[in-house]
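J.: So that we are looking at the same thing, I have put the structure below in structure tokens.
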Amino acid sequence: MATNKIGRDHSRFKQIVRGKIKKELRKYITKGELIGRKGKNTVSIPLPQIQLPRFRFGSQQRGGVGQGDGEIGQPIGKGDQQGSGPGEAGDRPGEHVLEVDVELEELAKILGEELELPRIEPRGKKAIASEKDVYTGIHRVGPESLRHFKRTFKAALLRQLSLGEYDPEHPLVLPIREDKRYRSWKTHREPEANAVIIYMMDVSGSMGFEQKEIVRIESFWIDTWLRSQYKNIESRYIVHDATAKEVDQHTFFHIRESGGTKISSAYELCNRLINEEFPPDEWNIYPFHFSDGDNWGGDDTRRCIRLLEEEILPRVNVFCYGQVKSAYGSGQFIKDLRASYDDDERIILSSIGSRDEIYDSIKDFLGKGR
Amino acid sequence: MAAYGLRGGLTPELAEWAERIEAWAREYGLDFWSICFELLDYDQINEVAAYGGFPTRYPHWKWGMDFEQLNKGYVYGLQKIYELVINNDPCYAYLMKSNSIMDQKLVMAHVCGHADFFKNNLWFSKTNRKMMDQMANHGTRIRRYAERIGHEEVESFIDCCLSIDNLIDIHSPFVRRRRVPDEDEDDLPKRPVPKKLRSKDYMDRFVNPPEFLEEQTRRLQEAIEKRKNFPEHPERDVMLFLLEHAPLDRWQRDILGMIREEAYYFAPQAQTKIMNEGWASYWHSKLMTEKILTDAEVIDYADHHAGTMGTRPGVLNPYKIGIELFRDIEERWDKGKFGKEWEECDDAEARRAWDKKLGLGREKIFEVRRIYNDVMFIDEFLTEDFAREQKMFTFEYSKQSDEYVIASREFREIKSKLLDQLTNWGNPFIAVQNGNHENRGELYLVHEHMGTDLDLDHARDVLKNLQRIWSRPVHLETVVEKRRKLLSYNGRKHGEKNL
């Protein structure tokens, strides 16, 4: 039977889903609800509003009839799962909240379109190369496994015709060694851009749960976008209070320290990381630093600026500093940076007052296309 | 016989089995049109299922959505479609290629049950038996409109139609609700004549005083005026009302009509879910165990049958309830456990041993499958004994714990809850009260509240869609948390007020 008519309806459905996500993107970003729904390559996004509305009963008041053991008052299921079972799969699918799997790449595309993010022009393209074999031509020698049957047959036929050996009554074509043709390949060296994101976060006492949540949401989207721009990307995480250390992703988002803040410690560690592992001519480097803007004192801030100026800025694509507002922080650091780098396009500053501002902050960071 | 054409989609082995199974089924008295089997692999079967069984259906994203969900369910191993049967002459049945031969036999036997039910159950009697062709026809027409008018425009109009496709009157195919006016009747309004009391001529002036008559005439006239609020009686077939009275373009009217027709075609399947599945399961079980199974297949069969019949706490499995009820009826009528004498017997011992050896069971279940639908079926045959044996209960939502909890095992409660759920195939009763509300051409719908509120988010969105079709403001009278309310949408914003 003729099938895959569904292909068109399916892609139309996906198109609609895409439109809905785009429309609701700000909400998804602000609420941060997508982070927990990330699989390997996809995000599962709940889309209740896509279902066709009907006059129907509200489910909660309704209850129903069931079958099986149990005392009165015994719970039989969570709030939302009542509905379709094996028996109700018939002519209408059950009324679940619809969840759609969207590929991370697709999500990045939507993000890029909605925030009007430019494509990133990678630096240091030449240095890294990957090898790729492409079949380009035909040779007269080669392994039998790559024999080109059609060309070989043609060559044999041609030879037989020209020698007058071909008999249309008995169309027997026998290739000999000279007739054989083989596919041949060339090895291409393809330049490939690598990138590393170095996340740094202040985890001193003044950074509360909400501040970290904002960083978490923002870094999710930054990650999603940069991953769509580079084939080969690494993430590194540094936390600091008065001292800095490198941690894994989970620790990064869950650690809680107390004590003072010395931002320079993080910048030093970041610098060391670049020096030791990510030579700038091979890597596109993106340091992101989030803090509430409190620093030990003017001396340390000056030290930071010197580190940035002399060591970090010359080597990175762009340095991003996000300042999250907290109840305790003075918010001084961003002012100091602004004073030194007001018009410098190697550094992007963004202050994030609340979750609602994440959306614009992402735009600040990624909108330059560096 | 056109056996080759019908079996063309099967392997020779399966074709032979189909032949034998159908023959056995007919021996038992099942009566069905020829069945056309096709073997499909999983994404084909998901595709056909997404189209509601009709591969030629009109294009719409909703099928794409259903397809995505079916496919996901299959890939994650959550669900699998074993069988898909279409009410049509000939009956179409799709089998999953990857099923084992035992599964295929089971499914074919099951299909025979469905096919018999489609052909013989009264509630299907008005459905179009050439729906396969009709659906293809609808598909062609809608595709043509989409090309002429624009895909987006047609699609979004279909969205509106689909969102009201449960606003039909499922009994209307069987009832003539409206008097068709006689040909020679003129349309001129007649002056109403009030009834007079009988009197002698010379007394008439006193028995029926002229002023009184005048007054009566005026009242009647008023009543007629009032009736101009059309429709005369509340109209449950909202789709029909819109077809007849909404200011639609021809293509829109045609599409609305097609979707209404499809809604009527599908409604009996929702109305007889328990019976239909019960009947098919009854027969697959009978055919498998008495005729088809080889010794080697018994264990697998038992496993799969048990899977189909499995119950989970929050869900009533129609296969299970259906088959058990049919078996219960058969046993009761075999033993004569019905009628006045049985009802009035209080002696538990006597009831247990009751057997009048009437042997009417088989005959009775065939009668039941002919004239009942789920509501009548449950109402008449769900007995207290049965509910207890099947461990049935009602559950309700508990706000405190955000959970559903078992509420009661009282027979009355179970039965009334179940009937409540099945009434109007699970949909709220909503009717057009007035198509000229306040003499401003606004549409006024009334929800006949029977204890359960509407889902308000959905209701507001449906009003929006209705307004698009009706083009003037629309209203819905309903009850929200025990207060009578009027929800409105005027094309720009939603309104809500207490009545």
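The values are calculated or read from the model by the stated rules, or taken from the named source; none is laboratory data. Please read all numbers here as calculations on a predicted model, not as lab measurements. Cβ atoms come from the backbone with ideal geometry, glycine included; neighbour counts cover every protein chain shown. All accessible areas refer to the heavy atoms of the entire protein, side chains included, with ligands and DNA or RNA removed. Shrake-Rupley method; radii C 1.70, N 1.55, O 1.52, S 1.80 Å.
J.: Here is a check on your reading of the model: is residue B:73 surrounded by fewer than 21 Cβ atoms within 10 Å (Cβ to Cβ), within 10 Å of chain A (Cβ to nearest Cβ) and of a type in the set (Gly, Ala, Ser)?
T.: Against the criterion (surrounded by fewer than 21 Cβ atoms within 10 Å (Cβ to Cβ), within 10 Å of chain A (Cβ to nearest Cβ) and of a type in the set (Gly, Ala, Ser)), residue B:73 qualifies.
J.: Could you please give the count of residues in segment A:306-336 that are in contact with a strand residue (DSSP E or B) (Cβ under 9 Å, 6 or more places away or on another chain), within 25 Å of residue A:353 (Cα to Cα), of a type outside the set (S, T, N, Q) and at pLDDT 85 or above?
T.: 10
J.: Scan segment A:309-334 and report the pairs whose first residue is among the basic types (Lys, Arg) and whose second residue is modelled with pLDDT under 85 and open to solvent by less than 20 Å² (accessible area, probe 1.4 Å), with Cβ atoms within less than 8 Å and a gap of 6+ or a chain change.
T.: Pairs found: A:325/A:331.
J.: Sticking with this one: I'd like to know if segment B:313-326 contains one or more residues that are open to solvent by 60 Å² or more (accessible area, probe 1.4 Å) and either free of Cβ contacts under 8 Å to residues at least 12 places away in the same chain or not in a helix (DSSP H, G or I) (or both). If you could, list the steps in order and put the result at the bottom.
T.: The initial filter retains those residues of segment B:313-326 that are open to solvent by 60 Å² or more (accessible area, probe 1.4 Å), namely B:313.
Within this subset, residues satisfying the condition of being either free of Cβ contacts under 8 Å to residues at least 12 places away in the same chain or not in a helix (DSSP H, G or I) (or both) are B:313.
Scanning segment B:313-326, I find at least one residue that is open to solvent by 60 Å² or more (accessible area, probe 1.4 Å) and either free of Cβ contacts under 8 Å to residues at least 12 places away in the same chain or not in a helix (DSSP H, G or I) (or both), so the answer is yes.
J.: Moving on to the next point. I'm trying to understand the selection: among the residues of segment B:51-65, which are more than 11 Å from residue B:158 (Cβ to Cβ) and more than 7 Å from chain A (Cβ to nearest Cβ)?
T.: Scanning segment B:51-65 gives B:51, B:53, B:54, B:56, B:57.
J.: Just one of the numbered conditions (1) closer than 22 Å to residue B:124 by Cα; (2) surrounded by fewer than 18 Cβ atoms within 10 Å (Cβ to Cβ) is not true of residue B:282; which one?
T.: In the conditions (1) closer than 22 Å to residue B:124 by Cα; (2) surrounded by fewer than 18 Cβ atoms within 10 Å (Cβ to Cβ), residue B:282 misses (2) alone.
J.: Could you tell me whether any residue of segment B:411-424 is more than 13 Å from chain A (Cβ to nearest Cβ) and basic (Lys, Arg)?
T.: No, segment B:411-424 contains no residue that is more than 13 Å from chain A (Cβ to nearest Cβ) and basic (Lys, Arg).
J.: Inspect all residues belonging to segment B:268-275 and state whether any of them is away from chain A (no Cβ under 14 Å) and within 37 Å of the chain's Cα centre (by Cα). Spell out the reasoning first.
T.: Looking only at segment B:268-275, we keep the residues that are away from chain A (no Cβ under 14 Å), and these are none.
Scanning segment B:268-275, I find no residue that is away from chain A (no Cβ under 14 Å) and within 37 Å of the chain's Cα centre (by Cα), so the answer is no.
J.: Let me ask something else. Does residue B:255 satisfy the condition of being within 14 Å of chain A (Cβ to nearest Cβ), in contact with a Cys (Cβ under 7 Å, 6 or more places away or on another chain) and more than 30 Å from residue A:65 (Cα to Cα)?
T.: no
J.: Next question, about the same structure. Find the residue count for segment B:232-258, including only residues that are open to solvent by less than 10 Å² (accessible area, probe 1.4 Å) and within 19 Å of residue B:442 (Cα to Cα).
T.: Matching residues across segment B:232-258 total 6.
J.: Quick one: which residue in A:166, A:230 is over 20 Å from residue A:312 (Cα atoms) and within 17 Å of the chain's Cα centre (by Cα)? Spell out how you get there, then give the answer.
T.: On the way: A:166 fails: within 17 Å of the chain's Cα centre (by Cα).
Only one candidate qualifies: A:230.
J.: Would you confirm whether or not segment B:365-382 contains a residue that is more than 30 Å from residue B:28 (Cβ to Cβ) and within 11 Å of chain A (Cβ to nearest Cβ)?
T.: So the first thing to find is which residues in segment B:365-382 are more than 30 Å from residue B:28 (Cβ to Cβ), and the list is none.
Taking every residue of segment B:365-382 in turn, none turns out to be more than 30 Å from residue B:28 (Cβ to Cβ) and within 11 Å of chain A (Cβ to nearest Cβ).
J.: A further question follows. Determine the pairs where a residue that is assigned by TED's automatic domain parsing to the domain that holds residue A:350, located within segment A:200-227, has a partner that is part of a helix (DSSP H, G or I) and open to solvent by 20 Å² or more (accessible area, probe 1.4 Å) with Cβ atoms under 7 Å apart, the partner being 6 or more residues away or on another chain.
T.: Partner pairs satisfying both residue conditions: A:212/A:253; A:214/A:355; A:216/A:35; A:216/A:253; A:217/A:35; A:220/A:35; A:224/A:104; A:227/A:104.
J.: I would also like to ask the following. Against the condition surrounded by fewer than 17 Cβ atoms within 10 Å (Cβ to Cβ), more than 30 Å from residue A:76 (Cβ to Cβ), out of contact with any helix residue (DSSP H, G or I) (no Cβ under 9 Å at 6 or more places or on another chain) and modelled with pLDDT of 95 or more, how does residue B:344 come out, does it pass?
T.: no
J.: Looking only at residues in segment A:347-359 that are crowded, with 16+ Cβ neighbours inside 10 Å and of a type outside the set (S, T, N, Q), which one is nearest to residue A:326 (Cα to Cα)?
T.: Only one residue tops the list, namely A:352.
J.: Counting only residues that are surrounded by 15 or more Cβ atoms within 10 Å (Cβ to Cβ) and within 20 Å of residue A:265 (Cα to Cα), how many does segment A:310-331 have?
T.: 14
J.: I've got another one for you. Where in segment B:353-433 are the helices (runs of 4 or more DSSP H), entirely inside, with at least 2 residues that are open to solvent by less than 70 Å² (accessible area, probe 1.4 Å), touching a strand residue (DSSP E or B) at 6+ places or on another chain (Cβ under 6 Å) and assigned by TED's automatic domain parsing to the domain that holds residue B:337?
T.: Qualifying helices (runs of 4 or more DSSP H): B:411-422.
J.: Right, here's the next one. Residues of segment B:434-485 being of a type outside the set (Val, Ile, Thr), outside any strand (DSSP E or B) and away from chain A (no Cβ under 13 Å), which ones? Lay out the reasoning, then the answer.
T.: Taking segment B:434-485 as the starting set, the residues that turn out to be of a type outside the set (Val, Ile, Thr) are B:434-445, B:447-451, B:453-461, B:463-468, B:470-473, B:475-477, B:481-485.
Next, from what is left, pick out any that are outside any strand (DSSP E or B): B:438-441, B:449-451, B:453, B:455-461, B:463-468, B:470-473, B:481-482.
Selection gives B:438, B:439, B:440, B:441, B:470, B:471, B:472, B:473.
J.: Is it the case, given these coordinates, that residue A:359 is under 17 Å from residue A:207 (Cβ atoms) and under 24 Å from the mean Cα position of the chain (by Cα)?
T.: Answer is no for this residue.
J.: Can you name the condition, by its number, that residue B:251 falls short on among (1) of a type outside the set (Asp, Glu); (2) farther than 22 Å from residue B:20 by Cα; (3) in contact with a Gly (Cβ under 8 Å, 6 or more places away or on another chain)?
T.: (3)
J.: Related question: Tally up the residues in segment A:257-309 that are crowded, with 19+ Cβ neighbours inside 10 Å and on the phi > 0 side of the Ramachandran plot, please.
T.: 1
J.: Determine if segment A:190-204 includes at least one residue that is open to solvent by less than 20 Å² (accessible area, probe 1.4 Å), of a type outside the set (Ser, Thr, Tyr) and over 21 Å from residue A:317 (Cα atoms).
T.: Yes, segment A:190-204 has at least one match.
J.: Can you name the residue in segment A:270-305 that is under 25 Å from the mean Cα position of the chain (by Cα) and closer than 16 Å to residue A:203 by Cβ and is also modelled with the lowest pLDDT among such residues?
T.: A:291
J.: Which of the helices (runs of 4 or more DSSP H) contained wholly in segment B:208-304 include at least 1 residues that are touching a His at 6+ places or on another chain (Cβ under 6 Å), among the aromatic types (Phe, Trp, Tyr) and closer than 21 Å to residue B:436 by Cα?
T.: Details: elements: B:210-227, B:238-245, B:250-271, B:273-287.
Helices (runs of 4 or more DSSP H) meeting the threshold: none at all.
J.: Kindly list the number of the only condition in (1) modelled with pLDDT of 90 or more; (2) open to solvent by 60 Å² or more (accessible area, probe 1.4 Å) that fails for residue B:158.
T.: (2)
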